[in-house]
Amino acid sequence: MSGRSLSLQAYRTLSRRGPVRARDHETPRPPGEVVWFHLGHIKDHAAVLDIIDRLVVHRTGVNVLLTTSPGRSHPKTRIDDRPGLITEQVPDEHPHAVDEFLDHWRPDMCLWLWGGLRPNLVHETSRRNIPMHLIAAEPAGFDSRRDRWLPELSRQVLRSFVSATAASSPALERLARLGLPREKMELQPKLRPTGRVLPCQSSDLDEITQYLAGRPVWLAAQTQKQEWSPVLRAHRAALRNAHRLLLVLEPTESTDLEELCALIDRHGLTRGIWGNGEWPDETVQVLIADIPGELGLWYRLATVSFLGSSLGAGQAGIDPFEAAALGTAILYGPNVGSRLNSYTLLANAGAARIVNDADSLATAVHRLVAPDQAAVMAHAGWDVTSQGAEVVDGVVDLIQNGLDDRAATKEHP
């Protein structure tokens, strides 16, 4: 049978019968190395972005193609600020669509996450001698109707992978039952986000820390207009028990500062605007952090951080791992959208607490401005991000070694 299973031959024949969807790539293939990540499930999106961040730091000039399965769009998160990152949906399974996709991008390596294998795409990628690695496989990724009805097809497709890591013992056993050799598999902790370490000028941090002279600080990060009043009411309530407490209020970039200032005044609070060079002396109760790109400074300064864009209906929250990586206790609202799994992971670890309104926010801030209370949560967050970092570093090493081997083969065929 020409080395192919009957199932794969039949699948490829059937897939040719459908129409070919025309595709116009907006982005040309960049020069240099292209590493292709495919997300079988969108839950791994944040962790993959952390892998990409570390990869581009360690490998100059590398480009990354990130694809998702049909119907699974990329979450609205920090994608656009990553040089060298290209996002697309994966091609459909018609062989012509697969050929067009691979002809255009010519990836040097593929990392396929979770499962949800696409037989034609995997088979053709392997046939072109593009190394493929299955990362963070889970049983649910190999439990579709096709996997159950055509197990031989899954077995044949799995053999295309150079290596595989399983996120659990059941996942390891599932891959083994599907025929993947044990020597290709490794049990690995679950892939978790690590949080991008946001930059900060150490001189700025030292200067403002000395200026505050031990004054307690809490942060409301990336707040939407409808969150300002609950945050300010919470601050007024917290001030009854912590008179020197400073609120650093970071609005979203599209904020009307005059409107925000007027609202602070109506709440009877004194304010300063960081962008105007106004420092938070003892008379300033609210510091408006209006300069974009300084969130790393405020996370490092604040004992407690409320992560905004999360209290109002229809909001989606912000990345909690960036806060956890910088040692601040996390508070958040109930509307965090596609980041729910990330917040839940941190909450279960004791690193984050949910608040629903101004009263619960004020109570939480009052309890956590005590350094010992916040330190317990901050340490829990650091533990979560550190555990994820070990797995992320392992994936980056795998990519680095694979690309080095491929480059050496091209130089000395």
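The values are calculated or read from the model by the stated rules, or taken from the named source; none is laboratory data. What you are looking at is a predicted structure, and each value in this text was computed from that prediction instead of being measured. No Cβ is skipped: glycine too gets one built from the backbone with ideal geometry, and neighbour counts run over all protein chains shown.
Per-structure values
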read-out	value
Residue 293 being on the phi > 0 side of the Ramachandran plot and exposed (fewer than 12 other Cβ atoms within 10 Å of the Cβ)	yes
Test: residue in segment 34-44 that is aromatic (Phe, Trp, Tyr), closer than 17 Å to residue 90 by Cβ and within 15 Å of the chain's Cα centre (by Cα)	yes
Some residue of segment 271-283 being part of a loop (DSSP other than H, G, I, E, B), modelled with pLDDT under 95 and closer than 24 Å to residue 258 by Cα	no
Selection within segment 93-121 - within 20 Å of residue 29 (Cα to Cα) and either in a helix (DSSP H, G or I) or modelled with pLDDT under 95 (or both)	96, 97, 98, 99, 100, 101, 102, 103, 104, 105, 121
Residue selected from segment 360-397 under the condition within 20 Å of residue 248 (Cα to Cα) and hydroxyl-bearing (Ser, Thr, Tyr), by the criterion surrounded by the most Cβ atoms within 10 Å (Cβ to Cβ)	360
Residue list for segment 324-346, restricted to those being closer than 15 Å to residue 304 by Cβ and either in a helix (DSSP H, G or I) or not aliphatic (A, V, I, L, M) (or both)	324, 327, 328, 332, 333, 346
Number of positions in segment 17-26 that are closer than 14 Å to residue 101 by Cβ and loosely packed, with under 12 Cβ neighbours inside 10 Å	4
Given (1) in contact (Cβ under 8 Å) with a residue 12 or more places away in the chain; (2) more than 26 Å from residue 324 (Cα to Cα); (3) in a helix (DSSP H, G or I); (4) of a type in the set (Val, Ile, Thr), index of the condition residue 48 fails	(2)
Those residues of segment 398-411 which are at pLDDT 95 or above, surrounded by fewer than 20 Cβ atoms within 10 Å (Cβ to Cβ) and of a type in the set (A, V, I, L, M, F, W, C), in sequence order	398, 403
Helices (runs of 4 or more DSSP H) (entirely within segment 134-192) containing at least 2 residues that are at pLDDT 95 or above	169-177
Tabulated pairs, segment 16-27, first assigned to a loop (DSSP other than H, G, I, E, B), second among the hydrophobic types (A, V, I, L, M, F, W, C) and modelled with pLDDT of 80 or more, C-beta under 7 angstrom, 6+ apart or interchain	20/97; 21/97; 23/97; 27/86
Those residues of segment 139-155 which are within 17 Å of residue 171 (Cα to Cα) and surrounded by 14 or more Cβ atoms within 10 Å (Cβ to Cβ), in sequence order	139, 140, 141, 142, 144, 147, 151, 154, 155
Residue count for segment 193-224, restricted to those that are β-branched (Val, Ile, Thr), in a strand (DSSP E or B) and under 23 Å from residue 375 (Cβ atoms)	1
Criterion: among the hydrophobic types (A, V, I, L, M, F, W, C) and either over 26 Å from residue 199 (Cα atoms) or surrounded by fewer than 23 Cβ atoms within 10 Å (Cβ to Cβ) (or both) - qualifying residue of 316, 329	316
Residue match in segment 298-310 (condition: buried (at least 19 other Cβ atoms within 10 Å of the Cβ), assigned to a strand (DSSP E or B), touching a Cys at 6+ places or on another chain (Cβ under 8 Å) and in contact (Cβ under 8 Å) with a residue 12 or more places away in the chain)	no
